[in-house]
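Bear in mind that the values in this text are calculations on the coordinates, not laboratory data. Remember, predicted model here, so these are calculated numbers, not experimental data. Glycine gets a Cβ as well: all are built from the backbone with ideal geometry, and neighbour counts include every protein chain shown.
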Amino acid sequence: MRILCVSTPVGPLGSGLGGGVELTLRNLATALQQRGHAIQVIAPAGSVLPDVPLVEVPGVCQPFAQNQQREAAITMPAGNVLGRMWWEARRHPWDIAINLAYDWLPLYLTPFFDRPVVHLVSMGSLLAAIDTILAELLATHPHCIAMHTRAQAATFGEAIAQQVTVVGNGLDLNAYTFCEQPEPVLAWVGRIAPEKGLTDALTVARQTGYPLRIMGAIADRSYWQQVCQQFPEALGYYQGFLPTTEMQAQLRTCLALLVTPHWVEAFGNVVMEALACGVPVIAYASGGPAELVRHGETGWLVTPGDVAGLAMAVEQVRRIDRRRCRQQAEQEFSLTAFGQRLEQWLHQNLSTSQ
Ligand code: HBI
């Protein structure tokens with residue numbers, strides 16, 4: 001198939017501002033290319049995406065959905081890159097288009113195209129306007145929505161959740177090297193923003209005495225300044241936003257990855273990446289991570305918000321066999337497995353559209 005992928009409008013690919021969607025888009029493109037499909041990506045100007053045909057579109061980036069009020073009206077700034085990317089989409093020959101933005105416009109435009117447009121939704125329910133357009137779209141295009149986990153789909157309510165195709169996620173296992181003997185260091189990886197709960201991980205580091213290796217893009221600078229005031233040691237822990245190769249080189253030698261979301265994490269790409277390196281995951285038992293981590297086998301699940309529980313889990317982490325973590329990644333998150341799930345979803349939409 002000729003597959004067009006239209007990226008998130010919150011920032012260029014490679015900037016880290018798109019968070020998990022950046023990794024998801026790259027892995028989705030690779031997985032489908034490996035199955036012989038032709039991929040074309042449209043993304044904001046300044047995007048970098050190796051080995052995939054890319055069209056960069058200039059324009060004003062979209063405000064983060066998670067910073068909006070739930071009942072907020074849809075806003076699109078003048079000269080918005082979102083609208084321009086979909087104008088660009090009309091100029092390309094494609095059999096099916098995959099939207100990776102968590103935004104109202106591509107969902108609304110779906111019936112206006114004479115070829116199928118499908119949507120891989122990257123976050124849980126955040127905005128009434130998105131929930132509403134999803135339900136309306138599903139009424140006429142029942143297979144066009146995919147999500148990463150059942151827990152994420154559940155946040156939209158039963159009516160939407162039962163019509164959603166759950167495709168998980170996937171990564172290039174060759175890019176992650178297993179580590180048998182860790183250093184006495186904890187890891188935290190993610191966009192540095194309030195909803196990711198970095199301060200809980202820093203508290204655990206203090207309570208257990210282990211340093212915390214922090215990696216990720218600073219998506220909210222004022223929040224980062226607050227964190228550094230409350231935890232001066234955070235500045236020394238921060239490794240920056242690293243490309244996958246460097247990120248996994250830092251992650252793989254850690255004792256455990258702490259996943260401390262203050263929102264419903266749709267999937268948690270970092271969970272997949274840690275397991276691929278053999279790093280056990282200690283996570284709040286909510287959202288995607290609760291569905292991915294095998295409690296007591298590849299990590300520990302802790303009551304959301306229970307920081308003391310996280311610290312106790314760190315003391316138990318040596319009971320986890322790191323090889324089982326790598327094995328889970330090989331079984332569930334390979335590009336082959338992800339590609340099969342994606343292709344099945346795409347074919348479902350191709351056939352219904354003919
Ligand atoms: N907000 N408006 C908007 N659009 C997106 O595509 C978007 C977002 N916030 C976060 C985000 N995408 C990604 O970082 C997560 O989906 C992973």
Item checked: Residue-averaged [θ]222 nm for the chain, counting only DSSP H segments that reach four residues, each worth -39500 (n - 2.57) -> -11000 deg cm²/dmol
Notebook entry, point to check: For the chain, with only Lys/Arg (+1) and Asp/Glu (-1) charged at the beta-carbon, what is the dipole magnitude about the Cα centre, in debye rounded to 20?
Noted result: 320
Notebook entry, point to check: If you line up the long axis of helix 128-140 against the longest principal axis of the chain, both from Cα atoms, how many degrees apart are they, to the nearest 10?
Noted result: 50
Margin query: Give me PHE64, PHE113 sorted ascending by neighbouring Cβ count inside 10 Å, so fewest comes first.
Written below: PHE113, PHE64
Next item on the list: Compute the distance in nm between two label points, each set 7 Å from the Cα along the Cα-to-Cβ direction, one at ARG319 and one at SER222.
Entry: 4.4
Next item on the list: Using only alpha carbons, build the gyration tensor for the range 173-332 and give me the equivalent ellipsoid semi-axes, biggest first, whole Å.
Entry: 22, 17, 15
Check: Can you give the FRET efficiency for GLN162 and LEU235, using 1/(1 + (r/R0)^6), R0 = 30 Å, r = Cβ-Cβ distance, to the nearest 0.05?
Finding: 0.05
Note to self: What does the charge count around PHE333 come to, taking other residues whose C-beta lies under 15 Å from its C-beta (Lys +1, Arg +1, Asp -1, Glu -1)?
What the structure shows: 0
Margin query: Run the paramagnetic zone check for ALA308: 7 angstrom along Cα to Cβ, then residues of the range 257-290 with backbone nitrogen under 15 Å.
Written below: none
Item checked: Label-point gap, in nm, between GLU332 and THR132 - each point 7 angstrom along Cα→Cβ -> 3.6
Notebook entry, point to check: Would you list ARG191, ARG319 from fewest to most Cβ contacts within 10 Å?
Noted result: ARG319, ARG191
Item checked: ASN174 paired with ARG91, simple spin-label distance in nm, labels 7 Å along Cα-to-beta-carbon -> 3.4
Check: Given +1 on the Cβ of Lys and Arg, -1 on the Cβ of Asp and Glu, and no further charges, what dipole in debye does the range 220-314 carry about its Cα centre, rounded to the nearest 20?
Finding: 80
Next item on the list: Fewest Cβ neighbours within 10 Å first, please rank ILE74, ILE3 accordingly.
Entry: ILE74, ILE3
Next item on the list: Answer rounded, prolate or oblate for the chain, using the Cα gyration tensor with square roots of eigenvalues a ≥ b ≥ c: rounded when a/c is under 1.5, else prolate when a/b is larger than b/c, else oblate.
Entry: prolate
